[in-house]
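First up is the structure itself, then whatever we jot down about it.
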Ligand SMILES: Cc1cc2nc3c(=O)[nH]c(=O)nc-3n(C[C@H](O)[C@H](O)[C@H](O)COP(=O)(O)OP(=O)(O)OC[C@H]3O[C@@H](n4cnc5c(N)ncnc54)[C@H](O)[C@@H]3O)c2cc1C
């Protein structure tokens, strides 16, 4: 039996699933497709060592507002921890830059959410909608883009849709099959992520530290727990990953120092190789690329998902903006691409430069970095850029990001 949908989303990761939730208030018939089988519905963190994804995701305030209006926040609230302060320091140097959300008259700079909780909340929400059909496992192996539809092929039956949204990750098959090129840079770094207990409570502070082995962030979780993300050159990451728990804790403690007292109770560690990828095009006839398929960022500033959510918010608005939006979609998609271009370019540049600044080992640069940290509070433009990036107030004013529901009356 052939399957016909209005919209096919390929990739049910954080981005594809967020998009499905954003479109849930529309009457479009949606297929959410993934090559992986449907996951178990229970979150894994009863036992932290059974986690499948150790990331702590920093959500900008605008992303939190979006999840709130989509009815997801109530499932995340108990595990979401506000970031009220940001503390930036340099190993081996005195001085630090401190940013306080109270100065900006906002509840916080954003929230920390365990990635596993987020994906579970998204999946549970999607299950509530009859017009969103999960098609898993279904590994798309080819596609045909026509003027009035796109046809997806796999081992199973073909899937037909009026619009295809590719959220199939950095190695996007859809991007490749459409012949869309991409600029890619390997950072020769890996991020090691996990959680620890700290002797001293974090006081809702996100700590960013330049260490000799790369940038290290300690991110506030519930109680005296912190998520960490340590971005090491690949060789050092491999060495650190293979250390015993005690050995790793010792290295981490040495890199971070004693500001939060003694570290203990290390969770399972995960490693992610880091690269930058920017797709040459984000739209083609009846196809849009989003998330890592469109742009994959260095996680130093925690912007990848936040940027993708801004794309999703704009795209969703376009899809509900007019009657028969899907019949005349190509012009709207070109307008979408043009409107998203500046935010994407700025965010890519911001994260790439921040990583350069955090990892550069040249004497002049590292002296400047020390100076930059010392002066951060005194340079309003620089401070404001970092703060606004965290709040998510740059780049898009779409309704969902302001906490307003999509107006789907035309569809
Ligand atoms: C260590 C780390 C920390 C991060 N921290 C933050 C943060 O704090 N804040 C933030 O905003 N961002 C953060 N990010 C970025 C964020 O994780 C990514 O932006 C986001 O996960 C991208 O998700 P995605 O759904 O686009 O891709 P993916 O997660 O790669 O999902 C792609 C999906 O497509 C499916 N798929 C692939 N090919 C096919 C096919 N042919 N057929 C069917 N299905 C297919 C896959 O099975 C997969 O489920 C971080 C990233 C890393 C690595």
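Here, each number is a calculation from the coordinates, and none is a lab measurement. Remember, predicted model here, so these are calculated numbers, not experimental data. Cβ sites come from the backbone with ideal geometry, for glycine too, and all protein chains shown count toward neighbours.
Things worth noting here:
- For the peptides 122-129, 62-69, 139-146, residues were scored by their other Cβ atoms within 10 Å and the scores averaged per peptide; the highest-first order is 62-69, 122-129, 139-146.
- Reciprocal of mean inverse Cα separation for the stretch 177-220 (Kirkwood radius, Å): 14.0
- Rg to Rh quotient for the chain, alpha carbon positions, Kirkwood Rh: 0.97
- Whole-angstrom gap from the stretch 226-248 to the stretch 145-178, using each part's C-alpha centre: 38
- Theoretical ellipticity at 222 nm over the chain - DSSP helices of four or more residues, -39500 (n - 2.57) apiece, nearest 500: -10000 deg cm²/dmol
- In the frame of its principal axes, the stretch 167-312 has Cα extents of 56, 31, 23 Å, reported largest first.
- Between 33, 236, 196, the GNM of the chain built on Cα springs shorter than 10 angstrom shows 236 fluctuating the most.
- In units of the rule-of-thumb radius 2.2 N^0.38 Å, the stretch 121-175 shows an alpha carbon radius of gyration of 1.25.
- Over 16 Å [Cα-Cα, the stretch 50-107], rounded percent: 61
- Computed log₁₀ I(q)/I(0) - Debye formula, equal Cα scatterers, no solvent, the stretch 50-202, q 0.09, 0.20, 0.22 Å⁻¹: -0.50, -1.36, -1.41
- Highest-first packing order for the peptide set 4-11, 335-342 is 4-11, 335-342, based on the mean count of other beta carbon atoms within 10 Å.
- Most to least packed among 218-225, 350-357, 243-250 [average Cβ atoms within 10 Å]: 218-225, 350-357, 243-250
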